[in-house]
1. I'd like the residue in the stretch 49-61 that is within 21 Å of ILE156 (Cβ to Cβ) and touching a helix residue (DSSP H, G or I) at 6+ places or on another chain (Cβ under 9 Å) and, out of all such residues, is surrounded by the fewest Cβ atoms within 10 Å (Cβ to Cβ).
2. Just checking, does the stretch 107-128 include any residue being over 12 Å from the mean Cα position of the chain (by Cα), over 23 Å from LYS30 (Cα atoms) and either modelled with pLDDT under 95 or not basic (Lys, Arg) (or both)?
3. Give the number of residues within the stretch 14-55 that are modelled with pLDDT of 95 or more and part of a loop (DSSP other than H, G, I, E, B).
4. Among GLU35, GLU23, which is within 19 Å of ILE118 (Cα to Cα) and surrounded by 14 or more Cβ atoms within 10 Å (Cβ to Cβ)?
5. Give me the pairs, please: first residue somewhere in the stretch 73-93 and in contact (Cβ under 8 Å) with a residue 24 or more places away in the chain, second residue anywhere and outside any loop (DSSP other than H, G, I, E, B) and of a type in the set (Val, Ile, Thr), beta-carbon distance under 6 Å, and either six or more positions apart or on two chains.
6. Going by the structure shown, is ILE156 more than 23 Å from TYR24 (Cα to Cα), β-branched (Val, Ile, Thr) and touching a residue at least 40 places away in the same chain (Cβ under 8 Å)?
Amino acid sequence: MKRLSIIIVLLLTNTIYSQDFIEYKKTFKKSVITEMFKLVNKHRINHGSHPLIIDTTLFKFCLNHSKYIAFEGISTHFQENTQNPHYTGYSPVDRTDSYCGENCGFTSVVYLTTPYDIANEIFEIYKGSPDHNKNMLDTDYKYFGFDFVVTKNEAIYGTQIFKF
């Protein structure tokens, strides 16, 4: 009976922690990331900032945090739930091992069909938020990373990281 209880607990745990994400082809995801990079740099140049350089090492931090917030169903910079299978550290600094800025958020994917549509939707949300926009325009940042996930219930969770 004890062994059966342990198996049931393990099965329930796996069910609770499974998050269904829509898998896109790598070329499509890369196109969304490229579009986001173009949008951010165009915005920076239009406001007198230098363009950023893509740092591919930041992509995994962006993807992991996007999965974390999707799993939680909230947009937050701080990972408080250490039981979340996507937990990678409390703050952006903890997750990247360096001081950085972070933008994260979510929106619906229902009407978004192209890489540009997805990137632009998330970009406009960040641009419309004074603190997120400040991160995108900060002249001290040199490097940029971005990634996102789309859940089966058609929500997009995206994270940008800016680094010195």
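The values are calculated or read from the model by the stated rules, or taken from the named source; none is laboratory data. The structure displayed is predicted, hence computed values, not measured ones. Reconstructed Cβ throughout: ideal geometry from the backbone, glycine too, with neighbour counts over all protein chains shown.
1. ILE54
2. Checked against the condition, which is being over 12 Å from the mean Cα position of the chain (by Cα), over 23 Å from LYS30 (Cα atoms) and either modelled with pLDDT under 95 or not basic (Lys, Arg) (or both), the stretch 107-128 yields at least one hit.
3. Counting residues in the stretch 14-55 that are modelled with pLDDT of 95 or more and part of a loop (DSSP other than H, G, I, E, B) gives 7.
4. Working: GLU23 fails: surrounded by 14 or more Cβ atoms within 10 Å (Cβ to Cβ).
Result of the check over GLU35, GLU23: GLU35.
5. SER75/ILE69
6. Values: more than 23 Å from TYR24 (Cα to Cα): no; β-branched (Val, Ile, Thr): yes; touching a residue at least 40 places away in the same chain (Cβ under 8 Å): yes.
For ILE156, the condition - more than 23 Å from TYR24 (Cα to Cα), β-branched (Val, Ile, Thr) and touching a residue at least 40 places away in the same chain (Cβ under 8 Å) - is not met.
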